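Undergrad: One structure, pasted below without further comment.
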Amino acid sequence: MRTILIELENVSKRYELRSGGVDALRGIYLSVAEGEFVAVVGASGSGKSTLMNILGCLDRPTGGRYTLGGRDVGKMSAAELAGLRGSEIGFVFQNFNLLPRLTALENVEMPLILRGEPHASRRDRARRALAEVGLEHRTEHRPRELSGGQQQRVAIARALVTRPSLILADEPTGNLDRASGAAVLETLERLGARGATVVLITHDPETAARAGRRITLRDGRIV
Ligand SMILES: Nc1ncnc2c1ncn2[C@@H]1O[C@H](COP(=O)(O)OP(=O)(O)OP(=O)(O)O)[C@@H](O)[C@H]1O
Ligand SMILES: [Mg+2]
């Protein structure tokens, strides 16, 4: 039997606003095994990004329980969660979120700098991560000197350089043309094949069809 990495039990998320509350997630039950490639689909506003923020420990549920790698996330302090994010989770966003003044190599090094890794070894690891996404020839380019697809592959290299067990990608191909999107998906699939668990959020049914499992959200519920 495969080990469970993600376990959501009756998880809910309510945003409180002065104008009223929004129930963005309602009673979510979800188990994801290590190494699974899961796509999350659903209409705009259905709760996909809210779910990703909770899975990535960027936000906490307002109800229910989230267990990640056997640890009850609800019982962890903010500092423990930050440590968990730094070592276990890699994020890829629709708008890449690269630092514009840094080179591709320096962007990929950033998570290792935050972890206090020494200069020589982090350079080396960042170079290897860029090679894994086929960008060993673009290490000195800044984001604006790269194509959209290349920028997204730099972002993926940055997500994988710490060897996280979980990769969370929110619409990673949303800003890319078909060919660049396909290259990004292939990279994510390769990571999955290497044992990382990948949760991919997408609007695109074709993209979702490539995942091992598809989860559809509607109005904060899994349907
Ligand atoms: N910070 C917030 N404060 C209040 N309401 C929020 C907040 N973030 C999201 N919401 C609301 O929660 C619901 C779910 O939003 P979410 O961003 O998770 O949707 P989504 O499925 O990612 O949509 P999209 O496909 O457009 O990115 C929406 O109704 C949204 O308006
Ligand atoms: Mg979203």
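Only the coordinates and a few stated rules stand behind these numbers; no lab work does. All values reported here derive from a predicted model rather than from experimental measurement. As a convention, Cβ positions derive from the backbone with ideal geometry for all residues, glycine included, and neighbour counts pool all protein chains shown.
Undergrad: Report the calculated FRET efficiency for Glu186 and Ala78 (r = Cβ-Cβ distance, R0 = 41 Å), to the nearest 0.05.
TA: In this case the efficiency is close to 0.70.
Undergrad: If you don't mind, there's one more thing I want to ask. Quick one: what are the phi-derived ³J(HN,Hα) couplings along the range 180-190, Karplus 6.51/-1.76/1.60 with θ = phi - 60°, whole Hz, x for glycine and proline?
TA: 5, x, 5, 5, 5, 4, 4, 4, 5, 5, 5
Undergrad: Ok, one more. Based on the alpha-carbon gyration tensor of the range 147-223 and its eigenvalue square roots a ≥ b ≥ c, which shape applies: rounded if a/c is under 1.5, prolate if not and a/b is larger than b/c, or oblate?
TA: Oblate shape, in that a/c is at least 1.5 and b/c is the bigger or equal ratio.
Undergrad: What ranking do Leu191, Leu168 get, fewest neighbouring Cβ atoms within 10 angstrom at the top?
TA: Listing Leu191, Leu168 from fewest to most nearby Cβ atoms yields Leu191, Leu168.
Undergrad: Between 0 and 90 degrees, rounded to the nearest ten: what's the tilt of helix 104-114 against the longest Cα principal axis of the chain?
TA: 60
Undergrad: If you fit an axis through the alpha-carbon atoms of helix 78-88 and take the longest principal axis of the Cα set of the chain, what angle between them do you get, 0 to 90°, nearest 10?
TA: Helix 78-88 sits at roughly 50 degrees to that axis.
Undergrad: What residue among Gly35, Gly70, Gly90 has the largest mean-square fluctuation in a Gaussian network model of the chain, using Cα springs under 10 Å?
TA: Ranking Gly35, Gly70, Gly90 by mean-square fluctuation puts Gly70 first.
Undergrad: For the range 1-77 and the range 151-223, what is the centre-to-centre distance using only Cα atoms, to the nearest Å?
TA: Comparing the Cα centres of the range 1-77 and the range 151-223, I get a distance of 17 Å.
Undergrad: Can you compute 3J(HN,Hα) from phi for each residue in the range 45-51, using the Karplus curve 6.51 cos²θ - 1.76 cosθ + 1.60 with θ = phi - 60°, rounded to whole Hz and x for Gly and Pro?
TA: Karplus values, whole Hz, x for Gly and Pro: x, 7, x, 4, 5, 4, 5.
Undergrad: Another one. Shape verdict for the range 46-99, please, from the Cα gyration tensor: rounded (a/c under 1.5), prolate (a/b greater than b/c) or oblate.
TA: Taking the square roots of the gyration eigenvalues as a ≥ b ≥ c, the range 46-99 is oblate.
Undergrad: Taking amide H positions as placed in the peptide plane 1.01 Å from N, state which residues far from Val40 in sequence (5 or more) or on other chains have amide H under 5 Å from it.
TA: Leu200, Ile201, Thr202, Ile215
Undergrad: Which value in Å does the Kirkwood hydrodynamic radius of the range 58-139 take, with 1/r averaged over all unlike C-alpha pairs and then inverted?
TA: For the range 58-139, the Kirkwood estimate is 14.8 Å.
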